[in-house]
Each structure stands twice: as structure tokens, then as C-alpha cells.
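Have a look at the structure below, then the notes.
The values are calculated or read from the model by the stated rules, or taken from the named source; none is laboratory data. Predicted model only: the values in this text are computed from it and were never measured. Neighbour counts are summed over all protein chains in view; Cβ atoms, including those assigned to glycine, are modelled from backbone coordinates with ideal geometry.
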Amino acid sequence: MVDAKTALLEEIAKELKDTCKIIKHTFYKDDGSVLLSNMNQENKDRMGKLVKFFSREMQVNNYFEQDSANVHLILYKVAQSVFLVVISESSTEVVTNNIMDVFKKYAKRLDLLYHEAPNTFKKITRYIVISQALAVGPEPVGIYPDDIPQEIRMKVSMKSMLLLTNEKEGAIRGIPATIPFIEYRSMGVIYLFDVPNTEARGGAYDSCISILVDESYRPAIYENMYAIESACLEASELIKNGKSGKEFKDIIDFLLGKLDNIDLRKVSGRKSTEIESIMKEQAKRISRELQR
């Protein structure tokens, strides 16, 4: 018996097949897992990796296209957690117009069936980058997820450390700060610390933990800042000591475990005046960032 989720995807696939020349199609969850497909395994896996990355960058009802001869490949975000990849002989315009009709007709139902509200801080975390100012400058030494493109990991690393070592930003080592990463539609929690090393200039490496969160969940950062600070402090101590034998990948796993333990479903039942003041200050900083 076909469940409601699969039945809806099959209905959409049939509707598209009837309106445009779809050769192959695959529906993906935003984590890259396959929901429904008639592609071969190799192509499903290849596109799944692309979906996993673009899920963090694309807005709903946006698409990515790749043309080859008379065949068009289109990746379309039809709902908050559902992507559709089609290979078609019809023009991109014809296909996207038809998928837009699908979006208008089915997006709400897809969201109800497939979009799971995040229940832990880990689920709203887009990137984690651990950086150190080595001989050649700021360098990412630990990342999450593993497939962050080199350009993005370098930008996060450099922006985090450069902003926080700028005196006018008022950064203090050992105290988390927040800065916007507008290009990634994210808010970053930045934790700066020193790692003692006799070979480093000044006897220590400037180091930083950057945790980027979907900007739409910004209030969750302020509500859980103490827990985030505690996680960063513990992770920085593991890095400083070095005696634990933990590699940076292990530190990332440690942080993810801590973030996964931060429950987003709890309700405080009170007005948080300290969070209100933090948010006002961050609004000023975001305004300054936008004006640059």
C-alpha cells in the first residue's frame, strides 16, 4: 500500500510527465536522501550531494539549471524540505513554468508531510568552522559538514577572525560574539581563544570556533547562548590541552553532540530582558554590515 507521502510525489510526477517531456526525475529530501526516483543509482547519488549543499543556499521556488545539447537538467526547490531534479527534452522555460504551477498547488501539502520542525540546535546549524591563524594567515582546520566548498570555509574563517581581531568590534577572547553572514543567510556565533604553542608568534595561535545558524532561527541563538558558550569553552579546552589526543574532527563531533543536546522545544514562560538587549545590539551591528 502506498503511503500518503509517496502518493503525493507520484501524483506530481504524473502531472509533470503529462505537461512536459520529462525523461528522468528524482525527489530529494533536503539532506540529499532520495524520496522517489526513476534515475539510476550513480546519478541519484551524484545529484544527492548537490541537493545537500544547495539546500543550505537555495530559497523555496528557486531553481538551478544545466543545459546539455537538447537535454535540460533542472534542480528546483519545490518546498521547504523537498527538492525535485528533472531531466527533460522540453525547454527550461516550459519545465520551470510547469514546476512553478506544482509549487503553487502542492507546496503547502509537501511542507505538512515532509518538513520536520527542528527540535535541537544541531538541526539549525549550517556550518561549523574551527580556524587558526597559522603562518600563512587564518586557516580552517576543522569543518562541518565535510563537503563545505573551499571558498566558503576560507571566507568564514577569515571573516570570523578578522572581525573579531578588529579593535572597534570590541571582541573579547573567551566570550562569544555574533556577526551576520549575509551571503549565506546565516547568523554566526564566534568564539575566539588562544592555543599556546612555543613555535607561534607571541607563544600562541589565535583560534576561533564559528557556528553559523540559519538566520530565521536567530532568536534560538540568544535563548541558548549560555549553552553554546559552554560547548565552545569545553571544545576550546580540548584543543588547548592537546593531551586528550582529540583531532579536529573529534572536536567537531564533540560540538555537534553538545548542540544536539540543546532542546529548541523548551518554553521558558517568561520575557527575557537580557535577550532583548542583545538583539537590539545585534540589530545595530547588522545595520552597519549592510551599509558596508
Check your understanding: If you check Asn40 against the conditions, is it loosely packed, with under 13 Cβ neighbours inside 10 Å, without any contact (Cβ under 8 Å) to a residue 60 or more places away in the chain, in contact with an Asp or Glu (Cβ under 7 Å, 6 or more places away or on another chain) and not assigned by TED's automatic domain parsing to the domain that holds Val213?
Key -> no
Practice item. State whether the residues of the range 68-90 include one that is exposed (fewer than 14 other Cβ atoms within 10 Å of the Cβ) and free of Cβ contacts under 8 Å to residues at least 12 places away in the same chain. Key: yes
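State the number of residues belonging to the range 94-138 that are assigned to a helix (DSSP H, G or I) and over 30 Å from Phe193 (Cα atoms).
21
Grab the strands (runs of 3 or more DSSP E) fully contained in the range 1-93, keeping just those with 2 or more residues being modelled with pLDDT under 90. Give the steps one after another, and end with the answer.
Numbers: elements: 22-29, 34-37, 63-68, 71-79, 82-88.
Result: 22-29, 63-68, 71-79, 82-88.
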Check your understanding: Of the numbered conditions (1) under 30 Å from Thr6 (Cβ atoms); (2) modelled with pLDDT of 90 or more, Gly188 satisfies every one except a single condition; which is it?
Key -> (1)
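Let's see how each residue does on (1) of a type in the set (Gly, Ala, Ser); (2) closer than 20 Å to Phe181 by Cβ; (3) touching a Ser or Thr at 6+ places or on another chain (Cβ under 6 Å); (4) at pLDDT below 90:
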{"residue": "Pro219", "(1), (2), (3), (4)": "no, yes, no, yes"}
{"residue": "Ile228", "(1), (2), (3), (4)": "no, yes, no, no"}
{"residue": "Lys240", "(1), (2), (3), (4)": "no, no, no, yes"}
{"residue": "Ser272", "(1), (2), (3), (4)": "yes, no, no, yes"}
{"residue": "Glu276", "(1), (2), (3), (4)": "no, no, no, yes"}
Study note, to complete from the structure: If you go through Lys258, Lys246, Lys284, the only one that is of a type in the set (Lys, Arg) and modelled with pLDDT of 85 or more is Lys258
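Is it the case that some residue within the range 91-102 is under 23 Å from Lys123 (Cβ atoms) and either assigned by TED's automatic domain parsing to the domain that holds Tyr127 or surrounded by 15 or more Cβ atoms within 10 Å (Cβ to Cβ) (or both)?
no
Going through the range 219-261 one residue at a time, which ones are acidic (Asp, Glu) and out of contact with any Pro (no Cβ under 8 Å at 6 or more places or on another chain)?
Glu223, Glu234, Glu237, Glu247, Asp250, Asp253, Asp260
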Revision key, fill the gap. Of those in the range 142-158 that are aliphatic (A, V, I, L, M) and modelled with pLDDT of 90 or more, the residue surrounded by the fewest Cβ atoms within 10 Å (Cβ to Cβ) is Met154
